[in-house]
Amino acid sequence: MKKLICIPFFVFGLLFVQGQEINKEDYTRAVSFMYENYNNKTAFNLFTSVNWFEDGSGLWFVDYSKDNKSYKTVDFKKGRVTELFNHANLATALSKLSDEKFEANKLSLSNIEKRKGKLKFSMKNKSYMLDLKTYALELLEEKKKEEANPFETTSPDGKWIAYTKDYNLFIKSTETNKEFQLSTNGEKGYEYASWYGWYDKMEGENGERPKRFYVDWSEDSKWLGASVVDTRNAEKMYLLDWSIDSLYKPKLLSYYRGSPGDTTMVHIKPVFYNIETKKEVKTSLPTGTHINSVSTWWSENSGELMASFSERGYLKQHVKHVNLNTNTETTIIEETSDTGIDNFEYRLLGNKLIFLSERSGWRQLYLVDINTKETTRLTSDNYYINKIEYIDEDNETIYYSASGKEAENNPYHQQLYKVDFKGRETLLTPENTHHSISFSKDGKYFVDNYSTIEIPTKTVLRSSKNGKIITKLTSADVSLIEAKGWTTPKPFSLIGKDGKTTIYGAYWKPTNFDTSKSYPIIDATYTGPHTQRFPKSFNIVFSEQSLAELGFIVVRVDGLGTSGRSKEFHDHSYKNMQNNLEDHVLAIKHLANTHSWIDVNRVGIFGHSAGGYDTGRALLGFPDFYKVGVASSADHDFRMEKAWWPEMYQGWPVDETYHKVSNITNAANLKGKLLLTHGGIDENVNPSATFKLAEALIKADKDFDLLIMPSQRHGYRGTHSKYFTKKRWNYFVEHLLGAKPIWDFKWN
């Protein structure tokens, strides 16, 4: 009897899903939430960028509103906001100087600088000088700049020119024109003073690598550093460009790029020369690959430098002091980890060096004395330092953004602090929001865009001495959109898969949301361990709104294994990226248990690049939970990827875990609907893994969809971006919402 009752309800449920409708009004709302349609058109001042005057006297910015676009300024001596110029007078002056009619509230100026009562600016590829008293406007003649030769560099004292010839490094005296050959064993494929270009492509079967040149002069012009780029045994990745209208055969493209575990890679060797002797000074610095080559930084002391490099696998990082005068090298920092060293950063300050390290379990700021090797932690631990914002060397003070320090604030919201070399910390932005910081060149002031996804942006000018607000610049205004029923995304939290750690996310609802309806939910994913997805600030408040308008709940989650929290939190993904979505499943189930209007039986997912890997993994690793996915430009098998990313997070040497996490080796698990897309000439994530996954799905007799955009690289642009967005929207509309999609809607 129970079975007879249950079956009709189940069938009715299926018919109800298939019978849902969608109309052009839904698409119109979705289009209205595309960035180009709302930014400073229906939503204003979500984020205000400022421009600091070169003379250090103040700044300028643009204030937007429904009917106005106003250029404003702050003079630091006055400390208040004023109009940068009279907009009506400038529009009149521009109209008189040209045949075009200019409107006061639609001016588009750039490169603005003060010039003693005048204003220099650019507009429509022309430069002008404006007298701010008389509004006399002068069209400036553009002086042709002498184009610098990109294949030579002059020493700071102007006495030497460095260049290459026949793959060797030369210098020439600017006084006598006498030439000196510094290296002698250069040849094609073993090239001095060159550099490896990540996007250097070669055309045809015997295509040449683009010519590259770079040297690094010491400040006193007595020393010269360079690199030898060795491609002799390096393997290439390949692409075929089928999109060129004038060709009837595809163009072959290739580029040097190592995959995890490869030894046949581009190798890079650091070399140094004494200009007085014209001789190379040998060091024991290693020859690295293109993913772990040596970087150097000249010291204030002549012939001395700092050298930083990681060992393959990123489990050990070195910073050495090299003295070319005495041929000695001293280790200043030796960082080790069992689970990868990510985002290592250092700065040289005279005889001191500051660096960011996770050695304590949190990313903290350290100071080391180069002479004594004494290392001191400057910051107080148990929170995450996101970025060094500014360094005041004279006052031995470091300004930095950090998250998780203030207990009452969300651990992803960054606040600005300063610390001196004695470890005394000061909070400069006390508001419990996310703060995005921009410093003046002299460090005396900073602009702070502060907000959350629920609190609109306020942009203010503050003093770096104590964080005091000097003046308000702009405030975000979304009243036009709110009037149509829109509400902000909702943040949420839950306990993660480890049973103890709080994880965070946020979800978007359609503006015509109805609690009596049942909504599919879509996971907007990117669990790439080097980043995070939680929407911290108001300027990305609409990022998932378009898709939500088509009848979905859209969610972002940062589970265990992503960045910006503790080292322990981050390490959950190390050699374990196949399980990065476990917390996403928990989060979606948590939301469904909390809200009756979420249908946990209709779960979709989409992502790009590493998010595309997530999407494939969702459909293949969690096939009974995720039902529909769109995976774009994905790295479906890390063994086919660029070497650095997988070796950092999946480990090195390559082991059985690479096989375990591959979407290709799990292709037979597909149950739901999966759309694979890729750009045909993507040199960042080569499309080969998408093709290989397609082949594996065919062999496993699985129904799936494939879209290749022949002319596109890793990011889709213009018409192709809109085409892909339309395909992604409609894939979810058809297969997750159960409605008939509409193709011919308008984008404006």
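The values are calculated or read from the model by the stated rules, or taken from the named source; none is laboratory data. Quick caveat, the model's predicted, so the values are computed rather than measured. Because the Cβ atoms are built from the backbone with ideal geometry, glycine has one as well, and the counts that use them run over all protein chains shown. Protein only, heavy atoms only, side chains kept; ligands, DNA and RNA dropped before computing areas. Shrake-Rupley method; radii C 1.70, N 1.55, O 1.52, S 1.80 Å.
A simple count of charges around R363, restricted to other residues whose Cβ falls under 11 Å of its Cβ and scoring Lys, Arg +1 and Asp, Glu -1, yields 0. Pop the C-beta distance of F151 and K178 into the FRET formula with R0 = 25 Å and round what comes out to the nearest 0.05. Between F151 and K178 the formula returns 0.80.
The modelled label-to-label distance between Y199 and D624, using points 7 Å beyond Cα along the C-beta direction, is 4.5 nm. By the compact-protein rule of thumb, 2.2 N^0.38 Å, the alpha-carbon radius of gyration of the chain corresponds to a ratio of 1.06. Between I495, A592, T511, the Cα set farthest toward the positive side of the dipole of the range 463-609 (charges on each charged residue's Cβ, about the Cα centre) is that of I495. A straight line joining the Cα centroids of the range 392-453 and the range 611-675 runs 38 Å.
Exposure check, 1.4 Å probe, all protein chains in place: D744 carries approximately 100 Å² of accessible surface.
Between L706 and L676, the built amide H atoms are under 5 Å apart, and every one of these is 5 or more places off in sequence or on another chain.
Placing dummy labels 7 Å off each Cα toward the beta-carbon, the span from K671 to E276 is 7.6 nm. Whole-Hz Karplus values for the range 176-182 come out as 10, 6, 6, 9, 10, 8, 8 Hz, taken residue by residue from phi with 6.51 cos²θ - 1.76 cosθ + 1.60 and θ = phi - 60°; glycine and proline positions read x.
Can you check what the net charge comes to around G559, using other residues whose Cβ is under 9 Å from the Cβ of G559 (Lys, Arg +1; Asp, Glu -1)? Overall, the nearby charge balance is -2. Accessible surface ranking for H636, H608, 1.4 angstrom probe, highest first: H608, H636. Taking 0.36 nm per residue of sequence separation and removing the Cα-Cα distance, the M34/E100 pair yields an extension gain of 20.7 nm. Considering only the Cα atoms of the range 640-699, their convex hull presents on average a projected area of 4.7 nm². The H on the amide N of I332, modeled in the peptide plane, is under 5 Å from the matching H of V319, K320, H321, each at least 5 residues off or on a different chain.
Please give the FRET efficiency for F691 paired with K746, using the beta carbon to beta carbon distance and R0 = 30 Å, rounded to the nearest 0.05. Computed FRET efficiency for F691 and K746 comes out at 0.30.
Sparsely packed loop sites in the range 276-334 (the trypsin sites (Lys or Arg not before Pro) outside DSSP H, G, I, E and B with at most 13 other Cβ atoms within 10 Å) comprise K278, K282. Secondary-structure-derived ellipticity at 222 nm for the chain, considering helices only, amounts to -4500 deg cm²/dmol, per-run term -39500 (n - 2.57) for DSSP H runs with n ≥ 4. Evaluating 6.51 cos²θ - 1.76 cosθ + 1.60 at θ = phi - 60° for every residue in the range 406-414, the Karplus couplings come out as 8, 4, 7, 9, 4, x, 9, 7, 8 Hz, glycine and proline recorded as x. Between K77 and K143, the contour length at 0.36 nm per residue exceeds the alpha carbon distance by 20.4 nm. Take T501: with every protein chain present and a 1.4 Å probe, its accessible area is about 30 Å². The modelled label-to-label distance between F513 and E482, using points 7 Å beyond Cα along the C-beta direction, is 1.5 nm. For S380 and E568, what does the FRET efficiency come to when R0 = 25 Å and r is the distance between their Cβ atoms, rounded to the nearest 0.05? Step by step, r from the Cβ atoms, then E = 0.90. A cut-off of 5 Å between modelled amide H atoms, ignoring neighbours fewer than 5 places along the same chain, links Y519 with I598, D599. A dipole drawn for the chain from +1 and -1 charges on Cβ atoms has a positive end, and of F151, Y384, L109 the residue lying farthest that way is L109. Excluding ligands, DNA and RNA, the accessible surface per residue across the chain is 47 Å² with a 1.4 Å probe.
Distance distribution note for the range 195-340: the fraction of Cα pairs above 24 angstrom is 45%.
Here is the list for the range 138-209: GluC sites (Glu not before Pro) lying in DSSP coil, each with at most 11 other C-beta atoms within 10 angstrom of its C-beta, are E141, E142, E146, E147, E175, E205, E208. Remark: the range 624-633, residue by residue, has Karplus-estimated 3J(HN,Hα) of 8, 9, 8, 9, 9, x, 10, 10, 10, 6 Hz, where x stands for each Gly or Pro and the curve is 6.51 cos²θ - 1.76 cosθ + 1.60 at θ = phi - 60°. Taking Lys and Arg as +1 and Asp and Glu as -1, the other residues whose beta-carbon sits under 11 Å from that of L107 total +2. Nonpolar atom fraction for the chain, defined as the carbon and sulfur part of the 1.4 Å probe accessible area, stands at 48 percent. Note on the range 400-504: Kirkwood hydrodynamic radius from all Cα pairs is 15.7 Å, rounded to one decimal. With a cap of 14 neighbouring Cβ atoms within 10 Å, and only residues DSSP puts in a loop, list the trypsin sites (Lys or Arg not before Pro) found in the range 484-563. Taking the range 484-563 and a limit of 14 other Cβ atoms within 10 Å, the loop trypsin sites (Lys or Arg not before Pro) found are K484, K500, K517.
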